[in-house]
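To keep things clear, I will list the structure first and then write my remarks on it.
The values are calculated or read from the model by the stated rules, or taken from the named source; none is laboratory data. Remember, it's a predicted structure, so these values are computed and weren't measured experimentally. A quick note on method: Cβ atoms are made from the backbone with ideal geometry, for glycine too, and the neighbour counts reach across all protein chains shown.
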Amino acid sequence: MPWAQTFVFQVDERVVPDGDPQRNFTLLRENLIDRVPLPGDHVYKMPVEDPDLGSAAGLYMRSLAQVAGIPATLDCVHLGLGKDGHTASLVPGDPVLDATEVDVASTGVYAGTRRLTLTFTILNRARRIVWVVDGRDKVDALERLRAGDASIPAGRIRQDRAILLFQGR
């Protein structure tokens, strides 16, 4: 992997304190960043510490544009799948599902926290989507994803650029 030329952006993040075990960045750091020779200035955390999440989303969009161009186009996006068919922090019923003018937006409360998330707009511009789905409890959502069921958020992600890895423990 050409780590010196690799940039890592988060897909979504919970609004909880830095280092909190619920933070996606905590897991990203433990499972990737601390294990590979990735330059520190090539890692972009979502700025969820900012009390103004609209401003934080704008700041993150500017970082994306500086690295990935205008419109920002990511080479590869890693997504997971929730039992309810959500992906990133694009969850059923949240108004952010309809955000089309921005690449990053804040969400309402889901599972106890607000979040910042990449929107469908930027996710569907990605050159490749890699789905990693783990667990038998997600089989129904996985079937709906594979069928392109747009009634679940994950079903609104382009399939023509996607690969899927599934482990149904």
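Here are some notes:
- The set of residues from region 92-105 being closer than 26 Å to ARG127 by Cβ and not in a loop (DSSP other than H, G, I, E, B) comprises VAL96, LEU97, ASP98, VAL104, ALA105.
- Only residues that are closer than 14 Å to THR117 by Cα and in a loop (DSSP other than H, G, I, E, B) were counted across region 82-91, and they come to 4.
- Of all residues making up region 116-169, the number that are among the acidic types (Asp, Glu) and closer than 28 Å to MET61 by Cβ: 1
- For region 1-54, filtered to residues that are among the polar types (S, T, N, Q) and exposed (fewer than 11 other Cβ atoms within 10 Å of the Cβ), the residue that is farthest from TYR110 (Cα to Cα) is GLN5.
- Of the residues making up region 89-116, just one is touching an Asp or Glu at 6+ places or on another chain (Cβ under 6 Å), under 24 Å from PRO21 (Cβ atoms) and surrounded by fewer than 20 Cβ atoms within 10 Å (Cβ to Cβ), namely GLY108.
- Some residue of region 64-77 being in a strand (DSSP E or B), more than 14 Å from the chain's Cα centre (by Cα), closer than 20 Å to GLN10 by Cβ and aliphatic (A, V, I, L, M): no
- Residue check, ARG144 out of contact with any His (no Cβ under 8 Å at 6 or more places or on another chain), over 24 Å from THR6 (Cα atoms) and either at pLDDT 95 or above or of a type in the set (Gly, Ala, Ser) (or both): yes
- Looking across region 144-169, not a single residue is free of Cβ contacts under 8 Å to residues at least 24 places away in the same chain and within 11 Å of LYS83 (Cα to Cα).
- Residue count, region 117-158 (criterion: within 20 Å of ASP12 (Cα to Cα) and part of a loop (DSSP other than H, G, I, E, B)): 9
- Selection of region 36-61 for residues being within 18 Å of THR6 (Cα to Cα) and more than 16 Å from the chain's Cα centre (by Cα) yields VAL36, PRO37, LEU38, PRO39, GLY40, ASP41, HIS42.
- Evaluated against (1) surrounded by 18 or more Cβ atoms within 10 Å (Cβ to Cβ); (2) without any contact (Cβ under 8 Å) to a residue 60 or more places away in the chain; (3) of a type outside the set (D, E, K, R); (4) within 23 Å of ILE163 (Cα to Cα), THR73 falls short on exactly one condition, (1).
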